[in-house]
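Written out below as structure tokens is the structure these notes cover.
The values are calculated or read from the model by the stated rules, or taken from the named source; none is laboratory data. Note that the structure is predicted; figures quoted are calculated from it, not measured. When we count neighbours, we look across all protein chains shown, and the Cβ atoms used for this are built from the backbone with ideal geometry, even at glycine. To get the accessible areas, we keep the full protein, side chains included, count just its heavy atoms, and leave off ligands, DNA and RNA. Shrake-Rupley method; radii C 1.70, N 1.55, O 1.52, S 1.80 Å.
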Amino acid sequence: MMKRILVVDNDKLILEFMRDILSEQGYEVITVANGLSALDVLRKNKLDVIFVDLVMSNIDGKKLCKVIRGMDKFKETLLIILTATATEDKEVNISDLGANFCVAKGPFKEMRQNILDLCRKYENGVLPDSSEKMIGIQSYHRRRITEELLVVKKHFETILQRLIEGVLEVTPTGRIIYANSTAVKLIGKAEEELLGLDFVRLFAAADRQHVREFLEAREPSRKDITADSPLHLNNHLVLLDILPIESDSMIVILNDVSKYKQAEAQLYHEKERFRLLVEKSPLGISLIGKDGLFKYINPQFTEIFGYTLEDIDIQPEFAQLCLAQSPEEGKTAILTCTDGSQKTINYKQMKMDSGEQIVVFEDITEKILLEEQIQHAQKMESLGVIASGVAHNFRNILTGILSTSEVMQFKYKEDPYLQEKLQRINTFVERGTDLIRGLMLFSRKEPQKEHTTINLSNILKETYTIISEYFDKMVQVRIKIPTSLYVEADYARLSQVFLNLCNNARDAMPAGGQLTIEAREEAGQGVIIISDTGSGMTAGIRKKCFDPFFTTKDTGLGTGLGLSTAYGIIKNYGGNIECFSEPDKGTTFTIFLPLAPAQKPEQMKFQNSTEVGKGEKILVVDDEKEILLALEELLIQLGYTVKTVRDGQTALDLFSTWQPACVLLDRSMPVMDGLSCARKIIELDPEARIVIISGYDAEEQENLDEDIRPFIKGYLTKPIKATTLGSLLQILLK
């Protein structure tokens, strides 16, 4: 059967020689001049014998032998190496290459004999043993020049294999004819698999056209990886260097930049995270250059101070602050914002190796105000305890004064001069009572909810009297109000509002000025206007003046609660408060309150009668001797029979024996307090008429225990007016 033989050699003379001698013996001979052409033949044909030259351009014989033995259909094919470097190439190992024999190139006659002998023996199945694999080498002489060239080639190959870049040789049509170890690793295929493949098709489909265009251009060029058009090669990102060479093929260098790209992406994400951290930070952050100028400020910096990057550098206080020494230490400063307001700032400077600084600003204004608020609340709590005790004692004193005065009014009602003086005393007692009520209201945690009909004009007159007496005489105070202007509100709370506004006006006029208080009725509302000729406010400050804790005063001189409290009080009464102000032109606050129906003045005397009782027994229990004397005399004048005692146990004993019609019982007494005494009286007589009298607020009545509240017939707060006491007793003793 005719044998098919492939001869691969880049020497045309050898190819012709081989074709002639083998064809004469009846063999079918295929000859190719390079390894790449051999690959095409190998993939398409079945062969019996293959002759391969070791030294060839393109794919050399060593690699081609490995490719052949890697193909299943050529596992048993007779593979013979033709070489002219048999003695010079010390690293040729026939077994490692998968070849059966190696025939040395020499004289044609000798070569012809050696080649035909091998072919005949192969046909007859009697091939030489392994010791005779090197055929024709005996008459071969070593050539030093060839040996040196092989050494150079080996050195060159070693360098290529050690390069960190992938190196390939590609034909003009794009087929791979060489790949170093790095290229093999990047592509993910063995070199035997790569040889002959289309280089372009190794890349992702989206990149192939770009790579093809670079190959076709055949000019030294680089396809750089970019964020928009990376080259993807077997899950790697690469740069391509394409270098044409004289043999018409091209050297392609692959630079794996996957790690750099990952680092770049990581750096980008880190920068993005840092950007978000800076831009969304609750702290103001700025970057200061070596020249002391601001190069960056984050949005929170602008939110805190109002300045933009364009106008911050013209603010000297910021420049001085940022150029201060000891940059690593945190510091506190008071800085001015664009709206003129001042904020307390914690700041810290961090100097970088570049000489630039990062300065971080924390607005602690509200924190400080909150601390002041807490301190204020603690003071108010303490004041409330003190005020409660003071109010109790002061009310006892006022009770004695008022009761004595009203007794004298009863006795000397025909003396106009004395009546006028006594009425003046009563008026002072009422003012003292209002003062106590205001003190308790100011220190109370919850505002009093009850509203009564009051005359605004009286409050404004009282405010005028107070500030005229206590304000510096450089402040001229003027008032223009009607005789009466009635609203539903609390006297003390409105007094607090008006005094607060007047105090602010005074503080705005340290060098003196004019303070005007006006009031009028307008469209069913009471309109109160308090204006000054002081320093005024900017638009930014005016917008914030009613905000809680906002203040332009120095630390310790204001809590920022005055105007916000005033605003809350007025809103609680269904009214409104407005502010108009301009810098250096003063400030005007206008208050609107719904009007109430006009009220008749309170009747201060009984209807020309000195007696309202009919001798009913009244037991008065109080630990204060002066209170007992005053109430005893007042009740006698009102027509009652009176006995007084100074402690609870004596009261119980007397109640059992004397059986009074009503008991006036002081709530706060030593040993046995009023409520404990009341419980024991109720045990003796559940129908007993008991009235609690107290130096504390009337709101304390709401704190009575449920078990005793139904048995208490009345609750009076000292000082007690004769009209109030007489009216209650008349109702209880009917």
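Worth a mention:
- Take 333-341, 301-309, 69-77, 631-639 and order them by the average number of nearby Cβ atoms within 10 Å per residue, most first; the result is 631-639, 301-309, 333-341, 69-77.
- Extension gain, LYS259 to ARG4: 0.36 nm times the residue separation minus the Cα-Cα distance gives 86.7 nm.
- Solvent-accessible ranking of LYS461, LYS63, largest area first, probe 1.4 Å: LYS461, LYS63
- Added length on full extension, which subtracts the Cα-Cα distance from 0.36 nm per residue, SER564 to ASP248: 104.8 nm
- Inter-site label distance for PHE108 and GLU582 at 7 Å from Cα along Cβ, in nm: 11.9
- The mean sequence separation of alpha-carbon pairs under 8 Å and at least six residues apart, normalised by the residue count of the stretch 638-697, gives a relative contact order of 37 percent.
- When each of LYS643/LYS721; LYS614/LYS680; LYS185/LYS271 is checked by Cα-Cα distance, pairs over 25 Å: LYS614/LYS680; LYS185/LYS271
- With θ taken as phi - 60° and the Karplus curve 6.51 cos²θ - 1.76 cosθ + 1.60 applied, the whole-hertz 3J(HN,Hα) list for the stretch 274-283 is 5, 4, 5, 4, 6, 6, 9, 5, x, 9 Hz, x standing for glycine and proline.
- With every protein chain in place, the stretch 224-307: carbon and sulfur % of accessible area (1.4 Å): 56
- Ranking of ARG275, ARG646 by solvent-accessible surface, largest first: ARG646, ARG275 (1.4 Å probe, protein heavy atoms only, all chains present).
- Surface accessible to a 1.4 Å probe, HIS155 within the full protein complex, Å²: 110
- Here the stretch 6-102 is treated as a sphere whose radius is the Kirkwood value from Cα pairs; by Stokes-Einstein at 10 °C and 1.306 mPa s it diffuses with a coefficient of 118 µm²/s.
- Within the same chain, lysines fewer than 8 places from LYS480 are excluded, and of the rest, those with a Cα less than 16 Å from its Cα are LYS461.
- Additional length obtainable on full extension of the chain from GLU462 to SER656, 0.36 nm per residue less Cα span: 64.9 nm
- ARG709-ASN503 FRET efficiency (beta carbon distance; Förster radius 41 Å; 0.05 resolution): 0.50
- Distant alpha-carbon pairs in the stretch 163-300 (separation over 27 angstrom), percent: 38
- Per-residue ³J(HN,Hα) for the stretch 528-537, Karplus 6.51 cos²θ - 1.76 cosθ + 1.60, θ = phi - 60°, Hz, x for Gly and Pro: 10, 10, 10, 10, 9, 10, x, 6, x, 9
- Overall dimensions of the stretch 606-672 by Cα: Rg and Dmax, Å: 12.4, 42
- Here the spin labels are modelled as points 7 Å beyond Cα on the Cα-Cβ line, and at THR453 and ILE636 they lie 3.9 nm apart.
- Residue-level accessible surface for ARG273, protein heavy atoms, 1.4 Å, Å²: 130
- At R0 = 60 Å, FRET efficiency that the Cβ-Cβ distance of THR308 and ALA511 yields, to 0.05: 0.95
- By average C-beta atoms within 10 angstrom, highest first, the peptides 365-372, 485-492: 485-492, 365-372
- In this structure, the pairs whose alpha-carbon distance is over 18 Å, taken from LYS3/LYS46; LYS62/LYS153; LYS343/LYS543; LYS63/LYS154; LYS413/LYS718, are LYS413/LYS718.
- Two-decimal Rg/Rh across the stretch 632-734, once Rg and the Kirkwood Rh are taken from alpha-carbon atoms: 0.92
- For the stretch 612-734: accessible area per residue (Å², 1.4 Å): 45
- Going by accessible surface with a 1.4 Å probe and the largest first, ASP685, ASP353 read ASP353, ASP685.
- Under 5 Å between amide hydrogens, built in the peptide plane, is the criterion, and for VAL257 it picks out LEU237, VAL238, LEU239 among residues at least 5 positions away or on other chains.
- Relative protection proxy for 120-128, 536-544, 404-412, from highest mean packing down: 404-412, 536-544, 120-128 (other beta-carbon atoms within 10 angstrom).
- The base-10 log of I(q)/I(0) for the stretch 471-510, evaluated at q = 0.15, 0.28, 0.34 Å⁻¹, reads -0.49, -1.04, -1.14 [Debye formula, identical scatterers on Cα atoms, solvent excluded].
- Table column - 3J(HN,Hα) (Hz), the stretch 517-524, Karplus curve with 6.51, -1.76, 1.60, x for Gly and Pro: 10, 10, 8, 6, 9, 8, 6, x
- Protein accessible area in the stretch 174-221, 1.4 Å probe - carbon and sulfur %: 51
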